[in-house]
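The values are calculated or read from the model by the stated rules, or taken from the named source; none is laboratory data. Bear in mind the structure is a predicted one, so any value in this text is a computation, not a measurement. Note that we place each Cβ from the backbone using ideal geometry, even for glycine, and neighbour counts take in every protein chain shown.
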Amino acid sequence: MEDISKNIKKVMIIFLVCFVCLISYNIYIFVFRGEKIALSVYNNRLWTDRKQVLRGSIFDRNMNVLVKSKGIKNKDQQLEYMEGKTCAHVLGYMDSIYGLTGLQKLYDKELMGKRKGLFGFEKKYNNRVGLNIQTTLDIKLQNKAFNLLGNNKGAVVALNPKTGEILALVSKPSYNPNNLRKDWDKLRKDKNFPLLNRAVSGMYAPGSTFKIITTVCALENIKGIQNKVFDDTGKLAFNNKESLKNYNGEVLGKIKLKDAFIHSSNVVFGSLGVELGGKKLDETAEKFYFNKYIPADGIIIDNSRFPELQGSNDGDIAQSAIGQGKILATPIEMALVSSSIANDGVMMKPILVRTVFDNNGKIIKSMIPERVDRATTPQNAVIVKRYMRDVVKEGTGKAANVKGIEVCGKTGTAEHDDIPNIDESPHSWFVGFAPYNNPKIAFAVIVEDGGLGGGKAAYIARELIKEYLLK
Amino acid sequence: MNDIKDERKLLVFTYLLCIMCFFNISIVGNIIDRSALILGIVMCVIISYSYIIIKRFFPDGDKYILVFSSILNIIGIVELYRLNQLLAIKQTLWYTLGNAIFIIIVIVVSDLKAFNRYKYLYLILTIVLMALGTFWGKEIGGAKNWIRIGALSFQPSEFGKITLIAYLASALEDYGTQKQSRKFSIFDSVFDKYLKKYDIHESYKSLIEPALVVMVCLGFMVLQKDLGSALIIFAISATMLYIATSKFKYVITCIILFAIGSVISYCMFSHVRIRIKIWLDPWKYAYSQGSQIVQSLIAIVSGGLFGSGLGLGKPWLIPVVTTDFIYAAICEEFGILVGIAVIILYFLLFYRLMRAAVSAKDNFSRLLAVGYSTMIASQALVIIGGVTGAVPLTGITLPLVSYGGSSLVITYFSLGIVQKISEEGI
Amino acid sequence: MELANLGLVLKFAIIVIIYLIIFFALRIMYKDIRNIGKRTNRTIGLEIIKKGDNSILRNGALIPITNELTIGRNENNILVLNDLYVSSFHAKIYLKNTDYIIEDNKSTNGTFVNDKRILKTILKNGDEIKIGTALFKVIG
């Protein structure tokens, strides 16, 4: 055994490296994953804090209280939801067994009174009260939208196109968060998934509402497309077996892009899709944040999906161009598409929270509107805006018209086959904004199995606009 | 002579630490908990007692081994007291016993290197101890290696590690020298014919027997589902082999064999697969088998930099917290800074132990020192790694800190031997 | 609330102490590593002041010591003294850490360092060692 010291030194160095690695790993976990781990659902430590701090209340934009704490009794705290089922999904629940969802989860820190993050030094004594939140919601609009959906399943999203503030976010079927524990088993087993927030997580084929994006794609890529005359024979054939038809086989004849849009011609848009190709459609869809994570405040939006069409046949591309096939969109995505058009092509970040303030009224945090991205040019936006106005004035969206207000929109009748071997009514979509000049509200309405877009969804949209702009 | 001043300072700080920790614990409730204070004073007395004996009668030896191990013990007992007072008191008793063993070894053992004669005794003891768990063991917490005698339960494989190291030290000490002939290896006669036929290098011969013994031990460990001990045994053997032979390629061979063994056991045993599955993504199994790691991670992170304060955190939410996961409780209440400090302390202890190996004069002592140091260091690395999710979780204890009579006794036994070696050396 | 504040103070104090301990321990480790380098080169010498009755020695000669020096009448020693007052295995000088130690091996007439009879002691530069009739001085 020669040179023992050298050997031992080598062994020591190896062990030193191991120890250093272990220390670095500890530091890495602490610094980079620390907050996420501490906020995890399995962390029971925070529950004592949550229960011992008088949880902050949540208000709508006009300071109507939506949910408040019932007080701390026996080391436990329950919340009272003033509006019951209406705001269940967007506000979320806070339960020590079932966890947190919605705004209760995303603003958990503030509602618990932690101002400086999870590990900041908090003075022990003024932490017994949480901070309050003023949302951007308009409870009157929210209630109206909830009632308008009636017994149907679906969602309504309404936002301010210029600021991104969410005015209403409704999902049906809903549940009463005041009875969460009592109803939990029933809710879990319900095949209609009442706990799902359809507005941000429901995935539907957008149907003809997607033609907004196809139009933008055409405007951006094909020169002079506005003046092109199409021959709509009611049917677009790809080969002997497959073809695309207009609704009810309607033949629109020789028309330009505007009429195709107004009357929702599948033939014209199908052929446009084939002409543009899957790649260009994909590019435009992604400019509207399909396949992308949409940043938002106070809500988490699932990614909408535009399929990879590389190597697909014409039939599939045409289907995608009219919003069928494998495209899936959340209602809020379509609302954002509409709001981008309303806002001269700029998509604003959807925000749910206006201010965070303490019990003395002092504002701790104030949210400022933020741009997500420019989805299209102002020129193209204006053109599509005009088309959308005409849809309501003389096209498939007449049911949405409100006297005295220039409503703009696009209908969608989305075929879907979720249950095989059963004929299902298509989903009824209506997306749009109002008024034409200086839009104040952009929205998306979907009524599951509701039939024609110009029917139930358009009707709901009309009533919503009346509620918001006329009262 | 500055050394003496540094020693003094370290000792003073240790006393200070002990007193402050126990004082902190005592004021956690609304009234001052006197038993905590008494426990603190008892610890200080034991530390002083051992230190004085070592200092006065055996001043040549290493003085810091006792200091570092005491500090780790203090942190452990304080946290245990906070978790379960009864266990803390029991742990203090074991600590006293451990210290006593430490001192007895240092006093009684006069010529360590004479112990290399009992190679076959160690061999038999090792095999017996390792096998005990497989055939008579009870399964506790996923590992079948506990033996119960009356009210006491202990892990024979822990004692087996000690004898294994002694055996390896005596088997490997003559590697590369001409002294092979003195030790009659039963394999010599059997293999001589074959080895001569294939003209295998002399030195391999001496490695075959230890290699087989180690593999048998590993086999028993895997059968007992004690994968942590298997890993530790591997680390000890590889290190001792390297020190003995200076040939890195033997270590590589070891690693390759171990890798092959692990893959085989992964395919053969479902409990190995489960451990790896949980390690890769504990959050997926957070309600079932992954809950231990998940709660541990949450605890470690919840303490923040400076900890939640003794008695103010919620370490009882961590499963198995008094033994395997005590590190998580320490991080939660003392803070991650102290968690890192504990890792550094283990390294410092390891350093002092290896230093004794450097100064040892004969190979047997040297290998013993290396073996015991590696045993303690790798145990600390493996369990802290497991608790934080860096390596798959295994059921071994954090030496000196976790609650565990057998663990403490064995660790102090090893420390005693190394202390003796440090004394005999230059 | 007094107690809560005290708890806070103690919490920090404990962390500080632990890191002070680590700091000092690391300093010791650092010094130690430096010394290991020093140690392997340490040699001292024994200068013969008075050779006494030893015929083999010469006054003024310097005996270098590296690691170990055994002294006695027996010819197996490194330094053989044929003085009658010297035992067969009289004494030993060896290196321990960074110091040289002289140890008397139960000799009949004893070993003297600086005129004091010793059993075992650390040698310093300039020490005078008397064994039998010979007198040496430590040069280091």
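Tabulated data for the structure shown
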| item | result |
| --- | --- |
| Meets criteria (touching a residue at least 12 places away in the same chain (Cβ under 8 Å), assigned to a helix (DSSP H, G or I) and either surrounded by fewer than 23 Cβ atoms within 10 Å (Cβ to Cβ) or not polar (S, T, N, Q) (or both)) for B:Thr14 | no |
| Test for B:Phe347: is it in a helix (DSSP H, G or I) and touching an Asp or Glu at 6+ places or on another chain (Cβ under 6 Å) | no |
| The range B:222-252 - residue that is more than 15 Å from the chain's Cα centre (by Cα), more than 12 Å from chain A (Cβ to nearest Cβ) and at pLDDT below 85 and, of those, farthest from B:Gln379 (Cα to Cα) | B:Lys249 |
| Test: residue in the range B:27-42 that is farther than 18 Å from B:Val342 by Cα and touching an Asp or Glu at 6+ places or on another chain (Cβ under 9 Å) | yes |
| Scan of the range C:4-31 for residues that are more than 7 Å from chain B (Cβ to nearest Cβ), aliphatic (A, V, I, L, M) and within 44 Å of the chain's Cα centre (by Cα), ordered by number | C:Val16, C:Leu26 |
| Residues of the range A:220-279 classified as within 18 Å of A:Thr209 (Cβ to Cβ) and in a strand (DSSP E or B), total | 1 |
| Among residues of the range B:17-33, those that are without any contact (Cβ under 8 Å) to a residue 24 or more places away in the chain, of a type outside the set (Ser, Thr, Tyr) and part of a helix (DSSP H, G or I), counted | 2 |
| A:Lys9 vs. criteria closer than 27 Å to B:Leu368 by Cβ and more than 7 Å from every other protein chain (Cβ to nearest Cβ) | yes |
| Which listed residue is more than 30 Å from B:Lys249 (Cβ to Cβ) and within 13 Å of chain B (Cβ to nearest Cβ), from A:Tyr28, A:Tyr81, A:Tyr93 | A:Tyr28 |
| Hits in the range A:188-219 (condition: out of contact with any helix residue (DSSP H, G or I) (no Cβ under 8 Å at 6 or more places or on another chain), surrounded by 18 or more Cβ atoms within 10 Å (Cβ to Cβ) and more than 15 Å from A:Ser320 (Cα to Cα)) | A:Ser201 |
| Filter result (among the small types (Gly, Ala, Ser) and touching a Gly at 6+ places or on another chain (Cβ under 9 Å)) within the range B:262-317 | B:Ser296, B:Ala299, B:Ser302, B:Gly303, B:Gly304, B:Gly307, B:Ser308, B:Gly309, B:Gly311, B:Gly313 |
| Members of the range B:332-344 that are over 21 Å from A:Ile13 (Cβ atoms) and either outside any helix (DSSP H, G or I) or at the interface with chain A (Cβ under 7 Å from one of its Cβ atoms) (or both) | B:Gly335, B:Ile336, B:Gly339 |
| Selection status of B:Tyr287, hydroxyl-bearing (Ser, Thr, Tyr), surrounded by fewer than 20 Cβ atoms within 10 Å (Cβ to Cβ), on the phi < 0 side of the Ramachandran plot and within 13 Å of chain A (Cβ to nearest Cβ) | yes |
| The range A:31-48 - residue that is among the aliphatic types (A, V, I, L, M), part of a helix (DSSP H, G or I) and more than 7 Å from chain B (Cβ to nearest Cβ) and, of those, surrounded by the most Cβ atoms within 10 Å (Cβ to Cβ) | A:Leu46 |
| Among (1) touching a Lys or Arg at 6+ places or on another chain (Cβ under 7 Å); (2) surrounded by fewer than 17 Cβ atoms within 10 Å (Cβ to Cβ), the one test that A:Lys254 misses | (1) |
| Residue match in the range A:401-408 (condition: under 21 Å from the mean Cα position of the chain (by Cα) and surrounded by fewer than 20 Cβ atoms within 10 Å (Cβ to Cβ)) | no |
| Inter-residue pairs, beta-carbon under 6 Å, first under 16 Å from C:Asn125 (Cα atoms) and more than 14 Å from chain B (Cβ to nearest Cβ) and in the range C:75-102, second among the hydrophobic types (A, V, I, L, M, F, W, C) and part of a strand (DSSP E or B), 6+ apart | C:Ile102/C:Ile93; C:Ile102/C:Leu123 |
| Which numbered condition B:Val320 misses (of (1) over 30 Å from B:Ala166 (Cβ atoms); (2) crowded, with 24+ Cβ neighbours inside 10 Å; (3) more than 10 Å from chain A (Cβ to nearest Cβ)) | (2) |
| Selection from the range A:240-278 of residues that are among the hydrophobic types (A, V, I, L, M, F, W, C), in contact with a strand residue (DSSP E or B) (Cβ under 8 Å, 6 or more places away or on another chain) and within 22 Å of A:Asn227 (Cβ to Cβ) | A:Val251, A:Leu252, A:Ile255, A:Leu257, A:Ala260, A:Phe261, A:Val267, A:Val268 |
| One residue from B:Gly385, B:Gly395, B:Gly304, B:Gly405 being within 7 Å of another protein chain (Cβ to nearest Cβ), surrounded by fewer than 24 Cβ atoms within 10 Å (Cβ to Cβ) and under 23 Å from the mean Cα position of the chain (by Cα) | B:Gly385 |
| Unmet requirement for A:Glu110, which otherwise passes all of (1) farther than 30 Å from B:Gln292 by Cβ; (2) out of contact with any strand residue (DSSP E or B) (no Cβ under 6 Å at 6 or more places or on another chain); (3) at pLDDT below 90 | (2) |
| B:Phe57 being more than 10 Å from chain C (Cβ to nearest Cβ) and within 20 Å of B:Gly309 (Cβ to Cβ) | no |
| Verdict on B:Ala299 being in contact with a helix residue (DSSP H, G or I) (Cβ under 7 Å, 6 or more places away or on another chain) and among the hydrophobic types (A, V, I, L, M, F, W, C) | yes |
| Test: B:Val358 is crowded, with 24+ Cβ neighbours inside 10 Å, within 11 Å of chain A (Cβ to nearest Cβ) and in a helix (DSSP H, G or I) | no |
| Scope the range A:427-439; condition buried (at least 17 other Cβ atoms within 10 Å of the Cβ) and over 13 Å from A:Gly409 (Cβ atoms); matching residues | A:His427 |
| Pair list, Cβ < 8 Å and 6+ apart or interchain, from the range A:317-345 residues that are among the aromatic types (Phe, Trp, Tyr) to residues that are surrounded by fewer than 24 Cβ atoms within 10 Å (Cβ to Cβ) | none |
| Counted residues, the range B:56-77 - those being assigned to a helix (DSSP H, G or I) and in contact with an Asp or Glu (Cβ under 9 Å, 6 or more places away or on another chain) | 2 |
| From B:Ile71, B:Ile75, B:Ile65, B:Ile19, residue being in contact with a Gly (Cβ under 8 Å, 6 or more places away or on another chain) and within 13 Å of chain C (Cβ to nearest Cβ) | B:Ile19 |
| Odd one out for A:Val20 among (1) at pLDDT 90 or above; (2) within 7 Å of another protein chain (Cβ to nearest Cβ) | (2) |
